[in-house]
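For reference, the structure discussed in these notes is given below.
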Amino acid sequence: MTWFESVNKIKYEGAQSKNPLAFKFYNPNELVNGQTMEEYLRFGVAYWHTFTQDLSDPFGAGTAIRPWDKFTGMDQAKARVEASFEFFDKLGVKYFCFHDVDIAPEGDTLRESNKNVDTIVAMMKDYMKDSGVKLLWNTANNFTHPRFVHGAASASDANVYAYAAAKVKKGLEVAKELGAENYVFWGGREGYETLLNTDLKLEQDNLGRFFHMAVDYAKELDFDGQFLIEPKPKEPTTHQYDYDSQSAHAFLLNYGLEKHFKLNIEANHATLAGHTFEHELRYARTNGILGSVDANQGDPLLGWDTDEFPTDLYSTTLAMYEVIKNGGLGKGGLNFDAKVRRGSFEPEDLFYAHVAGMDSFAVGYKVASKMIEDNVFEDILADRYSTYNEGIGLDIVSGNTDFKKLEAHALDLGEIKQKSGRLELIKATINQYLLQVTAEK
Ligand code: XLS
Ligand code: NI
Ligand code: NI
C-alpha cells in the first residue's frame, strides 16, 4: 500500500537538475563544518499542516486532496500515520512534530481522547522504531476546542485550567513514551482580548504556576527533553503573553523558570511582532535560550500568520548565521511549521513545498558557513566597535568608569569623527556570497 504513488525517494541531484522532485542544494551526506547536512539541519515535518489540516480559510472550505480522507475517525488517524511515515521516508526527513489533536480524534471525554491518543502513539512507536524517524517535539492543542475560548493555562475558569493541565500531563507522558527531544508550549489562547474583563496579574501568575507544575511532572516522569516556549505576539488573542523572545525571556526570569525553558523561534511570529526572524534568533542566542526553530515565512503584505514554506534565501542565510553562532540547535531542529497555499492542493505539492524549504535552508547554511569562515560579519563588528578595545571604551566595558570620569573624557573632545555604517556595501557582499555559493558545483 502506498499513499504517494507518483513520488519516489527524493534524491540530491545538484543545482543543474531539472527534476522538480530532487534536491538542488540539500545534500544530506555532504559535510559542512565536519558534520553532514542531515545531522546538522535536523529538519522536521509538522504533522498538522501536512497530514491533518484541509487548507480551509475563514472564507472557504478545504481544498486539500488527501488520499487518507476517504476514511474518518480512528481509521483516518491510522491511515495518516502510514502516510506520514511513507512521506518522511521519501523526503528523507528524520524528525516530526505534532499536537495531540492532530494525531487522534477527540472523544466525548478526555479519558476517551487519551485512549485514542494511546492507540496512535503505540502505532507511531513501531513506525519510529522501524524507520529511525524521531519525535522532535509534541505539544497539546489547548486552543481549538470551544472550551478554550477564554484561554487555557491563563483561563478565567479554573475548570478549564485543570483540563488544560490534564492535557499537558498526557502530552508529557506521550513525549516520554516516544522519546521526544523537546516539548513545546505555544501560548495558543494564553493572552487576552480586552482588559475590561481581564485580571492580567492573576492570569500571568497562573501561567507561571502551570509551567512550574509541568517542570515538576517532567521530573517525576524522568523526561529529559528540552522545554520550549514559542513566542507569538498576536493571533488568536490581541495581547499574547509570550509576545516575542524578549518578553518571553522576561516572563521566564520573573517566574524563576529560566533554567528550565528555551525558546522555539518561528519566523512568521517574528514578523508579526514587528521584528525580523534574525532579531528573534539573535536575542535568544545571545541570552542562551535559543532552543529550536519553526522554519517558515510570512507575507510582509499581510498581518497574520500565513505559515508559508521558507524560500527567501536572504532570510535563511541570516537565520543560519544565528544557528551556527549558537553552536547548532542541540536537541532542537528546523521544523517546517508551514503549509502549502490553498491553491496547492495536490499531494505532490507537499513534497515540492518541503523540497523548496529544505533547499532554501541548505543554501542559507552553506552561505552563512562561508561568511563565518571568512569572518565577514565579525570583521564588520570588530571595526565598528573598535573604540571599546582601549582607553575609555575599555573602561566602559570592564565596568571601570563612572559618570564623572566619562564627563572628564567628554568635556574637551570637540567634534567626534564618525565612521560610515556601510549598509549597502554589506548587503552587496551578502549577495555576492549567495551568488558564489549557489553557483558552485
Ligand atoms: C501557531 C503556532 C503553532 C505552534 C505549535 O501559530 O506556530 O503551530 O508551533 O502549537
Ligand atoms: Ni509554530
Ligand atoms: Ni505560527
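The values are calculated or read from the model by the stated rules, or taken from the named source; none is laboratory data. Note that this is a predicted model, so its numbers are computed, not measured. Every residue, glycine among them, receives a Cβ derived from its backbone with ideal geometry; neighbour counts consider all protein chains shown.
Assorted remarks:
Rundown of residues vs (1) surrounded by fewer than 17 Cβ atoms within 10 Å (Cβ to Cβ); (2) in contact with an Asp or Glu (Cβ under 7 Å, 6 or more places away or on another chain); (3) modelled with pLDDT under 95; (4) outside any loop (DSSP other than H, G, I, E, B), yes/no style:
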{"residue": "114", "(1), (2), (3), (4)": "no, no, no, yes"}
{"residue": "117", "(1), (2), (3), (4)": "no, yes, no, yes"}
{"residue": "120", "(1), (2), (3), (4)": "no, no, no, yes"}
{"residue": "151", "(1), (2), (3), (4)": "no, yes, no, no"}
{"residue": "155", "(1), (2), (3), (4)": "no, no, no, no"}
{"residue": "163", "(1), (2), (3), (4)": "no, no, no, yes"}
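- Scan the range 280-315 for residues that are away from ligand 3 (no atom under 16 Å from the Cβ) and among the polar types (S, T, N, Q) and the total you get is 3.
- Within the range 244-271, the set of residues being touching a strand residue (DSSP E or B) at 6+ places or on another chain (Cβ under 9 Å) and within 13 Å of ligand 1 (Cβ to nearest atom) comprises 263, 264, 265, 266, 267, 268, 269, 271.
- Check on residue 246, farther than 23 Å from residue 61 by Cα, within 16 Å of ligand 2 (Cβ to nearest atom) and not β-branched (Val, Ile, Thr): no
- Taking residues in the range 285-302 that are more than 18 Å from residue 182 (Cβ to Cβ) and free of Cβ contacts under 8 Å to residues at least 12 places away in the same chain, and partners anywhere that are assigned to a strand (DSSP E or B) and within 13 Å of ligand 3 (Cβ to nearest atom), the pairs with Cβ atoms closer than 9 Å and at least 6 places apart or on different chains are 299/308.
- Count - residues of the range 31-54 that are touching a helix residue (DSSP H, G or I) at 6+ places or on another chain (Cβ under 9 Å), in a loop (DSSP other than H, G, I, E, B) and under 24 Å from residue 359 (Cβ atoms): 2
- Single unsatisfied condition, residue 136 versus (1) in contact with a Phe, Trp or Tyr (Cβ under 7 Å, 6 or more places away or on another chain); (2) more than 30 Å from residue 191 (Cβ to Cβ); (3) touching a residue at least 60 places away in the same chain (Cβ under 8 Å): (2)
- From the options 412, 359, 379, 349, residue that is surrounded by fewer than 16 Cβ atoms within 10 Å (Cβ to Cβ), among the charged types (D, E, K, R) and part of a helix (DSSP H, G or I): 379
- Candidate set from the range 280-314 (those that are in a loop (DSSP other than H, G, I, E, B) and among the small types (Gly, Ala, Ser)); member that is farthest from ligand 2 (Cβ to nearest atom): 288
- Scanning the range 263-279 for residues that are crowded, with 24+ Cβ neighbours inside 10 Å, away from ligand 3 (no atom under 11 Å from the Cβ) and over 17 Å from residue 361 (Cα atoms) yields a total of 1.
- Screening 324, 392 for residues that are within 24 Å of residue 271 (Cβ to Cβ), touching a Ser or Thr at 6+ places or on another chain (Cβ under 8 Å) and assigned to a helix (DSSP H, G or I) leaves exactly one candidate, 324.
- Qualifying residue in the range 197-206 (condition: within 16 Å of ligand 1 (Cβ to nearest atom) and out of contact with any Cys (no Cβ under 8 Å at 6 or more places or on another chain)): no
- Considering the range 218-243, the residues that are away from ligand 2 (no atom under 16 Å from the Cβ) and among the aliphatic types (A, V, I, L, M) include one that is nearest to residue 144 (Cα to Cα), namely 218.
- Any hit, the range 71-91, residues being in contact (Cβ under 8 Å) with a residue 60 or more places away in the chain and outside any helix (DSSP H, G or I): no
- Scanning the range 12-26 for any residue that is under 25 Å from the mean Cα position of the chain (by Cα) and either within 25 Å of residue 182 (Cα to Cα) or small (Gly, Ala, Ser) (or both) turns up at least one such residue.
- Every residue from the range 18-38 that is farther than 17 Å from residue 348 by Cβ, surrounded by fewer than 17 Cβ atoms within 10 Å (Cβ to Cβ) and either out of contact with any Gly (no Cβ under 9 Å at 6 or more places or on another chain) or basic (Lys, Arg) (or both): 29, 30, 31, 33, 34, 36
- Within the range 164-211, tally of residues that are over 20 Å from residue 242 (Cβ atoms) and of a type in the set (Asp, Glu): 3
- Total residues in the range 39-64, condition surrounded by fewer than 14 Cβ atoms within 10 Å (Cβ to Cβ) and either aromatic (Phe, Trp, Tyr) or within 16 Å of ligand 2 (Cβ to nearest atom) (or both): 1
- Meets criteria (surrounded by 14 or more Cβ atoms within 10 Å (Cβ to Cβ), touching a Ser or Thr at 6+ places or on another chain (Cβ under 8 Å), in contact (Cβ under 8 Å) with a residue 40 or more places away in the chain and part of a loop (DSSP other than H, G, I, E, B)) for residue 318: no
- Taken residue by residue, the range 175-192 has at least one member that is within 23 Å of residue 121 (Cβ to Cβ), crowded, with 21+ Cβ neighbours inside 10 Å, among the β-branched types (Val, Ile, Thr) and within 16 Å of ligand 3 (Cβ to nearest atom).
- Contact map, the range 6-21: residues that are more than 14 Å from residue 92 (Cα to Cα) paired with residues that are at pLDDT below 95 and outside any loop (DSSP other than H, G, I, E, B), Cβ distance under 8 Å, separation 6+ or inter-chain. Pairs shown: 15/438; 15/439.
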